[in-house]
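Inspection log for the structure reproduced underneath, given as structure tokens.
The values are calculated or read from the model by the stated rules, or taken from the named source; none is laboratory data. Bear in mind that the values here come from a model prediction, so they are computed numbers and not experimental data. Positions of Cβ are backbone-derived with ideal geometry, glycine not excepted, and every protein chain shown enters the neighbour counts. Quick note on the areas: whole protein, heavy atoms, side chains included, nothing else; ligands and nucleic acids left out. Shrake-Rupley method; radii C 1.70, N 1.55, O 1.52, S 1.80 Å.
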Amino acid sequence: MQKFILFIACICMAGTLRSQNLISSTYLGSKTKNQLIAQFGVPFIQYDVKYYKIRYTSNDAAGQLDTLSGLLVVPVKPETVFPMLVYQHGTSDCKTCVPSRYGSPGGGEGDAGLVFGGMGYIAILPDYVGMGDGRGFHPYVHAATESSAAIDMIRSVKQWLVSNAPGGGSTQLFITGYSQGGHGAMALFREIETNLTNEFTVTSAAPCSGPYSISGVMRDLILSEEVYYYPAYIPNTALSYQTVYGNLYNNLTDIFKPEYAGFIQQYYDGQISLGTLNENLIQTLTTQTGASVARRMLQESAIAGVENDPNHPINLALKDNDLYDWTPAAPTRIFYCTADDQVPFRNSIVARDTMTANGAADLQAIDVNPAADHGGCVVPALTQTLFFFAQRQEIFSLVDGKEPAAPLTIDAGPNPANNTLFVNGLQENASVTLTNREGKAVYTHRQSGGPVLQIPAGALPQGIYVLKVVQADGKTGVQQVVVGH
């Protein structure tokens with residue numbers, strides 16, 4: 001009887017394995033901790049990493065099964081269980097300009113995955129539907145497929161970990177992303193907390209500089225007379241939503257004037273990159289109308305329809321991809337920069353205000369650098385994300401019976417600090433780092449000669465810093481401190 005039960009169990013397990021969606025993993029390379037520190041200038045990276053291209057099954061925008069791809073970065077330390085972290089990447093210039101092509105031209109955003117891996121996370125970077133190995137046109141800023149591609153990659157990585165990492169990954173799940181990836185991170189976060197709480201629990205989430213209010217803030221920008229030097233985002237979104245919903249237009253010239261529609265068709269056909277499309281649109285707008293105002297490439301009939309009919313197919317598609325009107329349960333930080341020239345910061349304010357009104361208990365929207373544009377906001381936003389996540393990150397040792405080390409509580413003050421910041425309770429050889437909001441280490445120290453360290457805060461510019469302490473026994477803590485004079 002026992003053999004029969006075992007036989008049935010094996011059949012069920014085999015059936016389960018066949019239904020899982022991992023197709024293959026391809027080893028791409030590795031980097032040591034010191035190589036990562038030298039490459040990225042992040043002094044508190046702690047682990048070597050290995051990275052892989054993952055191929056897995058997931059649905060495309062039409063709901064048909066497809067093969068998607070992504071980058072997986074794994075910290076290297078035997079007998080250790082790490083948390084998982086999903087990073088949703090920003091707008092890509094071309095179909096193969098994606099994380100899974102890391103090491104090739106266009107795969108640069110995979111850098112974020114290597115940093116997260118070096119910080120002790122199993123980093124999961126989906127390429128998205130229609131990107132990388134996915135077929136068809138990419139459904140840009142489409143919430144449903146941004147989340148489904150990530151969810152199915154998490155599932156496939158979990159399967160990979162069973163065979164390739166002792167103990168697999170922990171149940172902790174962190175979510176972040178920048179720009180389009182901020183939208184993708186919020187889409188994934190909402191989908192899990194709305195529909196998949198029986199399968200996943202989000203530990204913390206930090207969407208960064210994303211267009212969460214597409215039918216509001218972004219629509220207002222498109223319809224305004226404001227100069228905007230990223231007009232290619234508008235046709236990219238229109239092509240995307242036409243691919244998904246199928247009812248925005250019959251011909252491109254229903255929305256775009258003929259002098260712009262030709263370039264847009266070339267982009268859709270893969271003949272030019274998104275960057276080239278953007279340059280062509282700016283040049284034509286400037287030549288034809290005197291300034292790069294996105295509204296001016298639209299047909300007046302299309303503008304009238306969008307402005308006057310709330311149920312216009314374009315308005316409905318935009319609203320379907322808004323991501324601000326829900327209530328996050330996990331601790332949430334929305335990082336942004338006020339001077340963002342691509343994704344207006346008001347997206348983050350609308351999200352903060354609406355979610356707070358809905359009852360979100362632990363949510364803040366933080367301007368990490370008021371003077372930074374979209375490109376300049378990347379480093380401070382992701383640096384603050386790292387420190388925010390570190391407050392809840394747990395790493396398990398199988399040797400120690402899978403018991404997580406208790407998080408270190410830093411005893412530092414006064415906060416705000418004027419002249420001197422005292423850090424108490426340090427072990428001999430403890431490492432102390434103070435980092436500014438741009439992610440640059442402005443103070444580093446290796447403790448000796450007693451438990452108290454005096455940091456000369458008066459020599460630092462006023463502002464917000466992150467203090468990180470790594471004790472000699474490996475316990476780690478982070479704390480935000482303010483320096484004021």
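Working only within region 13-45, note down all residues that are modelled with pLDDT under 50 and either open to solvent by less than 80 Å² (accessible area, probe 1.4 Å) or among the charged types (D, E, K, R) (or both).
Step one: list which residues in region 13-45 are modelled with pLDDT under 50, which gives 13-20.
Those that are modelled with pLDDT under 50 and either open to solvent by less than 80 Å² (accessible area, probe 1.4 Å) or among the charged types (D, E, K, R) (or both): A14, G15, T16, R18, Q20.
So that you can scan it fast, the table gives a plain yes or no per residue for (1) open to solvent by 20 Å² or more (accessible area, probe 1.4 Å); (2) touching a Leu at 6+ places or on another chain (Cβ under 9 Å); (3) more than 26 Å from C337 (Cα to Cα); (4) without any contact (Cβ under 8 Å) to a residue 40 or more places away in the chain:
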| site | (1), (2), (3), (4) |
| --- | --- |
| V157 | no, yes, yes, no |
| A187 | no, yes, no, no |
| E193 | yes, no, yes, no |
| V202 | no, yes, no, no |
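Consider region 147-182. How many of its residues are closer than 22 Å to T354 by Cα, out of contact with any helix residue (DSSP H, G or I) (no Cβ under 7 Å at 6 or more places or on another chain) and not polar (S, T, N, Q)? Count: 2. Inspection of region 378-394 identifies at least one residue that is part of a loop (DSSP other than H, G, I, E, B) and buried (at least 19 other Cβ atoms within 10 Å of the Cβ). Close contacts from region 292-303, counting a first residue that is closer than 15 Å to M218 by Cβ and a second that is among the hydroxyl-bearing types (S, T, Y) and surrounded by fewer than 17 Cβ atoms within 10 Å (Cβ to Cβ), with Cβ to Cβ under 7 Å and a gap of 6+ residues or different chains, come to R295/S224.
Only one of the numbered conditions (1) within 16 Å of G210 (Cα to Cα); (2) at pLDDT below 95 is not met by A351, and that is (2). When K53 is tested against (1) part of a loop (DSSP other than H, G, I, E, B); (2) free of Cβ contacts under 8 Å to residues at least 60 places away in the same chain, only condition (1) is not met.
Report, by residue number, each residue of region 332-350 that is out of contact with any Lys or Arg (no Cβ under 7 Å at 6 or more places or on another chain) and either basic (K, R) or within 21 Å of R392 (Cβ to Cβ) (or both). Give the derivation first.
Step one: list which residues in region 332-350 are out of contact with any Lys or Arg (no Cβ under 7 Å at 6 or more places or on another chain), which gives 332-333, 335-350.
Answer for region 332-350, where residues must be out of contact with any Lys or Arg (no Cβ under 7 Å at 6 or more places or on another chain) and either basic (K, R) or within 21 Å of R392 (Cβ to Cβ) (or both): T332, R333, F335, R346.
Has region 317-326 got any residue that is touching a residue at least 12 places away in the same chain (Cβ under 8 Å), open to solvent by 20 Å² or more (accessible area, probe 1.4 Å), more than 18 Å from L221 (Cβ to Cβ) and not in a loop (DSSP other than H, G, I, E, B)? Yes, some residue in region 317-326 is touching a residue at least 12 places away in the same chain (Cβ under 8 Å), open to solvent by 20 Å² or more (accessible area, probe 1.4 Å), more than 18 Å from L221 (Cβ to Cβ) and not in a loop (DSSP other than H, G, I, E, B).
If the condition is being open to solvent by less than 30 Å² (accessible area, probe 1.4 Å) and within 22 Å of A294 (Cβ to Cβ), then region 327-347 contributes Y336, C337, D340, Q342, V343, P344, N347.
For first residues located in region 91-106 and assigned to a loop (DSSP other than H, G, I, E, B) and crowded, with 22+ Cβ neighbours inside 10 Å, partners that are among the charged types (D, E, K, R) and at pLDDT 95 or above and lie 6+ apart or on another chain with Cβ distances below 7 Å form the pairs V98/D127.
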